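Asker: I am attaching a structure below and will ask some questions about it afterwards.
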Amino acid sequence: MPLPKEPKTPATLQMLRWVFGPMPYMEECAKTDSHVFTLKLQNNLLPLVFIHTPEVMQHFLSKDTKELRAPGELNNIFEIY
């Protein structure tokens, strides 16, 4: 499954906009691209896919899991120590 569209801005600018105004930036991306979009926040990290609305999230969660990937190393931030 290909990644959704991402803004044409460089990763550094995407990171700065995400850090200093995450909600306005997310809403801007959702308006200009779609309710599902990709951000590349650092050149040395994998791109992150964002889902803007609960309805779209429900659609993705009810799809066949063979189409979706969540690499294990990216999920480490969610573990409780």
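Asker: Quick check: residue separation of T32 and L16 times 0.36 nm, minus the Cα distance between them. What number comes out in nm?
Answerer: Working: separation 16, 0.36 × 16 = 5.76 nm, distance 1.85 nm.
Full extension from T32 to L16 adds 3.9 nm.
Asker: What figure in square angstrom, to the nearest 10, would you give for the accessible area of V36 with a 1.4 Å probe?
Answerer: In the full protein context, V36 sits at about 20 Å².
Asker: Taking the simple approach of a point 7 Å from Cα along Cα-to-Cβ for both M23 and K8, what is their distance in nm?
Answerer: In this crude label model, M23 to K8 measures out at 3.0 nm.
The values are calculated or read from the model by the stated rules, or taken from the named source; none is laboratory data. Note that the structure is predicted; figures quoted are calculated from it, not measured. So basically every Cβ, Gly included, is an ideal-geometry build from the backbone, and we count neighbours across all protein chains shown. What goes into the accessible areas is simple: the full protein's heavy atoms, side chains included, and nothing from ligands, DNA or RNA. Shrake-Rupley method; radii C 1.70, N 1.55, O 1.52, S 1.80 Å.
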